[in-house]
Amino acid sequence: MANHKSALKRIRQTQTRRLHNRYYAKTTRNAIRDLRAMTDKAQAEALLPKISSMLDKLAKKNIIHDNKAANLKSKLTIFVNKLA
């Protein structure tokens, strides 16, 4: 257990940030899953910019790596372009 007030505060901050980061990462993963399940190109094209923005925000805050965000955006764009 922590012996200093600053260590106790750090534990509280870390827990809060962890829950915050997990929420936004999970929300983005669910949105990606929903996009990949789509068969209508118009709906997918409307959703793609929102998901790209979500990924950029996660990468900016170091919740996911920059390259992971870029790879996901690339693959999702290819998927949407291939829809009939």
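Extending 7 Å from Cα along the Cβ direction at Q43 and again at K82 yields two label points whose distance is 2.0 nm. Restricting attention to region 5-82, the count of lysine pairs at 8 or more positions apart or across chains with alpha carbons under 13 Å apart stands at 5. Between the helical axis of 5-37 and the longest alpha-carbon principal axis of the chain there is an angle of about 10 degrees. Both the radius of gyration and Dmax for the chain are 17.2, 61 Å, in that order, over alpha-carbon atoms. One decimal place: the segment N67-L19 gains 15.0 nm when fully extended, by the rule 0.36 nm per residue minus the C-alpha distance.
For the listed peptides 8-19, 51-62, a ranking on the average number of other beta carbons within 10 Å per residue, highest first, reads 51-62, 8-19.
Coordinate-derived values only; no laboratory data. Note that the structure is predicted; figures quoted are calculated from it, not measured. Cβ coordinates were reconstructed from backbone atoms using ideal geometry, including for glycine residues, and neighbour counts include every protein chain displayed.
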